[in-house]
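Trainee: The structure that follows is given in the form of structure tokens.
The values are calculated or read from the model by the stated rules, or taken from the named source; none is laboratory data. Since the model is a prediction, treat every value here as computed from it, not as a measurement. Note that each Cβ is placed from the backbone with ideal geometry, even for glycine, and that neighbours are counted across all protein chains shown. Keep in mind that these areas ignore ligands, DNA and RNA; they rest on the heavy atoms of the full protein, side chains included. Shrake-Rupley method; radii C 1.70, N 1.55, O 1.52, S 1.80 Å.
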Amino acid sequence: MRKNRGGDRRSSPTVARLDPDDVARLVDVARSTGPEFILFEGVALLDAMRTARQALPDMPIVCDFHNVEAQLYRDVRLARLPRPARPVARLLLRHRFREAAEADREAGRIAGSIWTCSERDAAAVRGMVEARAVHVVPNPIPAWCRTVDAGTERGAGRSVLFVGHLGYAPNRRAVDELVGSIMPELRRRFADAELHVGGRAPRERLARLLRDHGHRLTADPPDMAPLYRDAAAAVMPLRQGGGTRIKALEALAVGCPVVATAKAVEGLCLEDGRHFLRAETTSDFVSALSRLFQDRELGPRLAAEGRLFVQETHGDAERSEAVRRALADIGDA
């Protein structure tokens, strides 16, 4: 749906302004085709959900909470500020935070069923939203991961990989942390250590930062497999974010060892030391990466366990069963 650039300000910072003609066409299509339910991809489409509920009062509606938007909005806004300023910002922005939370709650009132991508998000939604049913439908393993041979050899060098949409503020902050603190310490131990960043929409500042510090950038990579194949590890010093961590899923699925904060793998139920190595501080990241560089059995062991885990929890069979359970409840919603 197209965004409507005119009109009043959004009622919530997490809700998009939609073109009224697009919303009207959605209702017309639903009336003419008679679907069994309508699935809305997130709280951003709340205006369309409102219109659909008013026009089609008996139509089952599902809202896919890929993120718990109110929590994500609050965390990302506060993360932009120095820690001492955050308590004041909480007060100044409290009305915007309340608006975001109310949008989540309204989506729950309209929808008969809410889908989330992790048990953690499901628990958060149940605590704030009045939905009649909340289901966990895990995200799929990205399709391109299926093309990567499980026996592919990892890069023999000391290149560490960070991937993600580089227009997303938490990802940019992660790159800043890698370049500014983690990689300098790692290079004191291993002079040939290198950071490789791959992702969409990198800004010139980020490109220049990586270039000036002797690191690599692959902008808008058409194929992710070579990036992972050349990496000794995937690093994820993420401090904010929501939903299922797709970058963690794909790294595990292709057998690339993962070094990450708890936040970066939140909701995946991974076991530290078995499926990945947890790191929270600069020292933690340097220590974990040093272990991977020096212990040639550690990486393959983590890769094998991680790959098996995501296949069992996010593979086709598990997701199909989760969708079947969620759909079974729609008729009762």
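Trainee: Scanning for something more than 24 Å from Val136 (Cβ to Cβ), among the polar types (S, T, N, Q) and in contact with a helix residue (DSSP H, G or I) (Cβ under 6 Å, 6 or more places away or on another chain), does segment 234-250 turn up at least one residue?
Mentor: No.
Trainee: Could you grab the pairs with beta carbons closer than 9 Å, sequence gap of 6+ or different chains, first residue in segment 21-35 and within 11 Å of Met59 (Cα to Cα) and open to solvent by 50 Å² or more (accessible area, probe 1.4 Å), second one not in a helix (DSSP H, G or I) and not aromatic (Phe, Trp, Tyr)?
Mentor: These pairs meet every condition: Arg31/Leu56.
Trainee: Ok, one more. Only residues in segment 249-273 that are more than 16 Å from Leu238 (Cβ to Cβ) and in contact (Cβ under 8 Å) with a residue 40 or more places away in the chain count as the first member; pair them with residues that are among the β-branched types (Val, Ile, Thr) and assigned to a loop (DSSP other than H, G, I, E, B), Cβ under 7 angstrom, at least 6 apart or cross-chain, and list the lot.
Mentor: Note: pairs meeting the criteria are Ala253/Ile141; Val254/Val148; Gly255/Thr152.
Trainee: Also, I was wondering about something else. Please pick out the residue among Ala225, Ala219 that is modelled with pLDDT under 95, among the hydrophobic types (A, V, I, L, M, F, W, C) and surrounded by 13 or more Cβ atoms within 10 Å (Cβ to Cβ).
Mentor: That would be Ala225, the only listed residue that is modelled with pLDDT under 95, among the hydrophobic types (A, V, I, L, M, F, W, C) and surrounded by 13 or more Cβ atoms within 10 Å (Cβ to Cβ).
Trainee: Out of the residues in segment 79-88 that are among the hydrophobic types (A, V, I, L, M, F, W, C) and at pLDDT 90 or above, state the one that is surrounded by the most Cβ atoms within 10 Å (Cβ to Cβ).
Mentor: Ala85
Trainee: Looking for whichever is free of Cβ contacts under 8 Å to residues at least 24 places away in the same chain and not aromatic (Phe, Trp, Tyr) here; the options are Pro60, Pro82. Which one fits? First the steps, then the outcome.
Mentor: Numbers: Pro60 fails: free of Cβ contacts under 8 Å to residues at least 24 places away in the same chain.
Being free of Cβ contacts under 8 Å to residues at least 24 places away in the same chain and not aromatic (Phe, Trp, Tyr) holds for just one of Pro60, Pro82, which is Pro82.
Trainee: Those residues that are out of contact with any Gly (no Cβ under 9 Å at 6 or more places or on another chain), part of a helix (DSSP H, G or I) and not small (Gly, Ala, Ser), I need them from segment 210-235; list them, please.
Mentor: Answer for segment 210-235, where residues must be out of contact with any Gly (no Cβ under 9 Å at 6 or more places or on another chain), part of a helix (DSSP H, G or I) and not small (Gly, Ala, Ser): Leu210, Arg211, Asp212, Pro226.
Trainee: If I ask for residues that are within 20 Å of Gly164 (Cβ to Cβ), hydrophobic (A, V, I, L, M, F, W, C) and open to solvent by 20 Å² or more (accessible area, probe 1.4 Å), which ones from segment 186-206 would you list?
Mentor: Ala201
Trainee: Since Glu119 meets every condition but one in (1) open to solvent by 60 Å² or more (accessible area, probe 1.4 Å); (2) under 26 Å from Leu249 (Cα atoms); (3) out of contact with any Leu (no Cβ under 9 Å at 6 or more places or on another chain); (4) without any contact (Cβ under 8 Å) to a residue 60 or more places away in the chain, which condition does it not meet?
Mentor: Going through (1) open to solvent by 60 Å² or more (accessible area, probe 1.4 Å); (2) under 26 Å from Leu249 (Cα atoms); (3) out of contact with any Leu (no Cβ under 9 Å at 6 or more places or on another chain); (4) without any contact (Cβ under 8 Å) to a residue 60 or more places away in the chain one by one, Glu119 breaks only (4).
Trainee: Here's another thing I want to ask about it. Within segment 275-301, can you find the residues that are within 18 Å of Asp192 (Cβ to Cβ) and open to solvent by 60 Å² or more (accessible area, probe 1.4 Å)?
Mentor: Answer for segment 275-301, where residues must be within 18 Å of Asp192 (Cβ to Cβ) and open to solvent by 60 Å² or more (accessible area, probe 1.4 Å): Arg291, Gln294, Asp295, Arg296.
Trainee: Would you say Asp47 is in contact with a strand residue (DSSP E or B) (Cβ under 7 Å, 6 or more places away or on another chain), open to solvent by 20 Å² or more (accessible area, probe 1.4 Å), of a type outside the set (A, V, I, L, M) and more than 30 Å from Glu177 (Cβ to Cβ)?
Mentor: Spelling it out, Asp47 is indeed in contact with a strand residue (DSSP E or B) (Cβ under 7 Å, 6 or more places away or on another chain), open to solvent by 20 Å² or more (accessible area, probe 1.4 Å), of a type outside the set (A, V, I, L, M) and more than 30 Å from Glu177 (Cβ to Cβ).
Trainee: Take residues that are touching a Gly at 6+ places or on another chain (Cβ under 9 Å) and closer than 25 Å to Tyr168 by Cα and tell me which of the helices (runs of 4 or more DSSP H) falling wholly in segment 71-136 contain 3 or more.
Mentor: 119-128
Trainee: Which of the residues spanning segment 158-167 are of a type outside the set (Val, Ile, Thr) and either in a helix (DSSP H, G or I) or out of contact with any Lys or Arg (no Cβ under 9 Å at 6 or more places or on another chain) (or both)? Give the derivation first.
Mentor: The first filter runs over segment 158-167 and keeps only residues of a type outside the set (Val, Ile, Thr), leaving 158-159, 161-162, 164-167.
The answer is Arg158, Leu161.
Trainee: OK, next. Counting only residues that are farther than 14 Å from Ala260 by Cβ, among the small types (Gly, Ala, Ser) and open to solvent by less than 60 Å² (accessible area, probe 1.4 Å), which one in segment 304-327 is nearest to the chain's Cα centre (by Cα)?
Mentor: Here the answer is Gly315.
Trainee: Just the residues that are of a type in the set (Val, Ile, Thr) and out of contact with any helix residue (DSSP H, G or I) (no Cβ under 6 Å at 6 or more places or on another chain), please, taken from segment 260-310.
Mentor: Thr261, Thr281, listed by residue number.
Trainee: Could you check, for segment 89-103, whether at least one of its residues is of a type in the set (Asp, Glu) and at pLDDT 90 or above?
Mentor: Among the residues of segment 89-103, at least one is of a type in the set (Asp, Glu) and at pLDDT 90 or above, which makes the answer yes.
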